[in-house]
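Before any comments, here is the structure.
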Amino acid sequence: MGQFLRLSSSLLAAFAVVAITTPLYASDCIICDRDVWLSSQTKDCFLDNVDRYQAEMDKSKLPYITMDFSKCPGIEKRGLIELPTNPQATQKSSFILDRGSLRCLYRLVSEHSDSFDPSVEFRLDQQCPDNVQ
C-alpha cells in the first residue's frame, strides 16, 4: 500500500509539472474560435477592420471581439458565406477572437502568400502556440 501511495504521489507530481509547463491555447477565452476560415473577401474585410476590432476591445474592456463579416461590403448576409473545400469545415460569417488570437491571425494573414480562394483555414490553436493568456 505504501508503494502505491508513493507511486500515486509521484504520478500526481509529474502531472502537475506537465500541467503547469504545458501552455493551454486561449485559456482565458473558452468561447473563442480556434479555427478561422477566410476567403479573399473576408480576408480583405478582416484587414480593413483589424484596427477597429482592437479599438472596440479597448473601449468595451472585453477580452474578446466578435468579427462579423456579414456586415462587410460584398458579403452575403447569411450564416454561411460559401462552402469550403474541406467538407468538415464550416465557413462561418462571424468569429470570436481574443486579443492574442486577433494579433496572431493578422500576422498569419499578412504572411500568407497563396490564394485565399475558395478559402484558407487558419488553425489558431496550432499556428499560434505563443498565444497563451
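The values are calculated or read from the model by the stated rules, or taken from the named source; none is laboratory data. Here the structure is a predicted model, which is why all the values come from computation and not from measurement. In this analysis, Cβ positions are derived from the backbone assuming ideal geometry, glycine residues included, and neighbour counts consider all displayed protein chains.
Residue by residue, here is whether (1) exposed (fewer than 13 other Cβ atoms within 10 Å of the Cβ); (2) of a type in the set (S, T, N, Q); (3) more than 18 Å from the chain's Cα centre (by Cα) holds:
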{"position": "ILE30", "(1), (2), (3)": "yes, no, no"}
{"position": "ASP33", "(1), (2), (3)": "no, no, no"}
{"position": "GLN41", "(1), (2), (3)": "no, yes, yes"}
{"position": "ASP51", "(1), (2), (3)": "yes, no, no"}
{"position": "ASP68", "(1), (2), (3)": "no, no, no"}
{"position": "PRO73", "(1), (2), (3)": "yes, no, yes"}
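Screening the candidates PHE95, PHE46, PHE69 for the property of being in contact with a helix residue (DSSP H, G or I) (Cβ under 6 Å, 6 or more places away or on another chain) and either among the aromatic types (Phe, Trp, Tyr) or at pLDDT below 85 (or both) yields one hit, PHE69. Looking at SER10, SER60, just one residue is exposed (fewer than 15 other Cβ atoms within 10 Å of the Cβ), over 18 Å from the mean Cα position of the chain (by Cα) and at pLDDT 70 or above, and that residue is SER60. Restricting attention to segment 98-129, the residues that are assigned to a loop (DSSP other than H, G, I, E, B), within 12 Å of the chain's Cα centre (by Cα) and exposed (fewer than 15 other Cβ atoms within 10 Å of the Cβ) total 1.
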